Amino acid sequence: MIATRGYAAQSATDALGPFDFERREVGPHDVQFEILYCGVCHSDLHQVRNEWSHTTYPIVPGHEIVGRVTKVGSGVTKFKEGDLAGVGCLVDSCRECDNCKKGLEQFCRNGSTGTYNGSDKKSGGVTYGGYSNQIVVDESFVLKVSDKLPLEAVAPLLCAGITTYSPLRHWGVGKGHKVAVVGLGGLGHMAVKFAASFGAEVTVLSTSPGKEQDAKQLGAHHFALTKDAGQLKALAGKFNFIIVTVSAEHDYNTYLGMLDTDGVMICVGAPPTPSQITAFSLLGNRRSLAGSAIGGLPETQEMLDYCAANNIVSDVEVIKMAYINEAYERMLKGDVKYRFVIDLATL
Ligand code: NAP
Ligand code: ZN
Ligand code: ZN
């Protein structure tokens, strides 16, 4: 077993603190790598505080992981020692079901394995994530990372990036489309970058007046404050697509009314509490309400390659490991520009 140092929460009400644990030995198809940076996703906070009611403690969060390969198993063909590597939200799946065969491992019919707080079929225990100094993952779930982009700003692509890239690609968002992004946080700012890069006209819908200038710098063409009823009214029936990245309870009906004929609203945010939707929000304009979860392995690699080719990265605030509990509090206030990334050298 490989002695590993990380940061964990011991219960839903405990702060995160140092935690020592063991990773499995490197098997024939495994890649071991030193973690250099790990992004901080709002899903980490939801699960650390058991807001989705399925957390096993202790929990070592982190699924936006980049680092450098230190060891490979005898059967590994994709990686060698010294390569850059990335791991996102998944570390395993059955690889045999139709969804896995289509590269939709996130929808594995036999249950994919989350990078943390997942049941580890190999060890029988729970998986531990990227708030740690190293990780061992089957090469099929390790992504290739370009050395052309700043590594700390690549880390958030592994979740915030793919979670927004995937639905935009699935629904063919591009030139001629009006797209709204609700919530300008980690996911939201990547949605703005991708939608603008694909040629859409992008509007940010935010609760934070201070984010208007940033939104435009990130590539948005318009900005509206969702607390201002007048600004919202002017957006009725306006958008072909709306991507909702909001992490807390809010009224989906408000945004559904902004969809044009045959428009689609895609939920990627995962608030812990259910919301009510009136059928009337969907009947007019033949609107659709949809969702999307991360992305499969082939599409995640495609997204990383697209970012390398088009110079797209996340806007990050690099933090020390010990700052994580403060970072969570700031994330809850919407005070993130636009992704915290942990420098694991500070662990
Ligand atoms: P984040 O960085 O905290 O951003 C969330 C943003 O939502 C905030 O910055 C804020 O933007 C807005 N917001 C927060 N509270 C709000 C409220 N009460 N009403 C309206 N707007 C509010 O979080 P994130 O990491 O981007 O994650 C967003 C959500 O996506 C989380 O629920 C996370 O678990 C989920 N997620 C889902 C997937 C998936 O596969 N579907 C993957 C990753 C994450 P403004 O200041 O602009 O209003
Ligand atoms: Zn995430
Ligand atoms: Zn499967």
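The values are calculated or read from the model by the stated rules, or taken from the named source; none is laboratory data. Remember, it's a predicted structure, so these values are computed and weren't measured experimentally. Here the Cβ positions follow ideal geometry from the backbone for every residue, glycine too, while neighbour counts run over all protein chains shown. What goes into the accessible areas is simple: the full protein's heavy atoms, side chains included, and nothing from ligands, DNA or RNA. Shrake-Rupley method; radii C 1.70, N 1.55, O 1.52, S 1.80 Å.
Per-peptide packing, taken as the mean over residues of other Cβ atoms within 10 Å, places 206-212, 102-108, 169-175 in the sequence 102-108, 206-212, 169-175 from highest down. Segment 110-136 to segment 139-174: how many Å between their Cα centroids? Comparing the Cα centres of segment 110-136 and segment 139-174, I get a distance of 20 Å.
When peptides 139-145, 117-123, 177-183 are sorted by average Cβ neighbour count within 10 Å, with the highest value leading, the order is 177-183, 139-145, 117-123.
Here's how it looks for ASP138: its modeled amide H is under 5 Å from those of VAL31, which are all 5 or more places away or on a different chain.
In this view, the solvent-accessible surface of PHE21, computed with a 1.4 Å probe and all protein chains in place, comes to about 20 Å². For segment 29-63 versus segment 247-263, the inter-centroid distance based on Cα atoms is 30 Å. For segment 294-347, a Kirkwood hydrodynamic radius built from all Cα pairs, placed in the Stokes-Einstein relation at 10 °C and 1.306 mPa s, yields a translational diffusion coefficient of 122 µm²/s.
Compared with the dominant principal axis of the Cα atoms in the chain, helix 160-170 is inclined by about 60°. Note that the chain presents 41 Å² accessible area per residue, ligands and nucleic acids not counted, probe 1.4 Å. For ILE319, the solvent-accessible surface with a 1.4 Å probe is about 10 Å², rounded to the nearest 10.
Between the helical axis of 186-197 and the dominant principal axis of the chain, each derived from Cα atoms, what acute angle in degrees is found, rounded to the nearest 10? Approximately 70 degrees, to the nearest ten.
As an exercise, use a Förster radius of 25 Å and the Cβ-Cβ distance of ALA270 and GLU329 to find the FRET efficiency, rounded to the nearest 0.05. Mind showing how you got there, number by number?
Values: r = 20 Å, r/R0 = 0.78.
With R0 = 25 Å, the Cβ-Cβ based efficiency is 0.80.
Peptides 255-263, 48-56 ranked from most to least packed by the mean count of surrounding Cβ atoms within 10 Å: 255-263, 48-56.
Gain on full extension, evaluated as 0.36 nm per residue between GLU34 and THR77 minus their Cα-Cα distance, stands at 13.6 nm. Sorted from longest to shortest, the spans of the Cα atoms of segment 248-347 along the three principal axes equal 53, 34, 20 Å.
Dimensions of segment 188-266 from C-alpha coordinates, computed as largest minus smallest value along each principal axis and given longest first, are 28, 28, 24 Å. One quarter of the surface of the convex hull around the alpha-carbon atoms of the chain equals 16.6 nm², the direction-averaged projected area.
Using a 1.4 Å probe over the heavy atoms of the protein chains, calculate the carbon and sulfur portion of the accessible area of segment 219-264 as a whole percent.
Numbers: 1030 of 2010 Å².
The C+S portion of the solvent-accessible surface of segment 219-264 is 51 percent.
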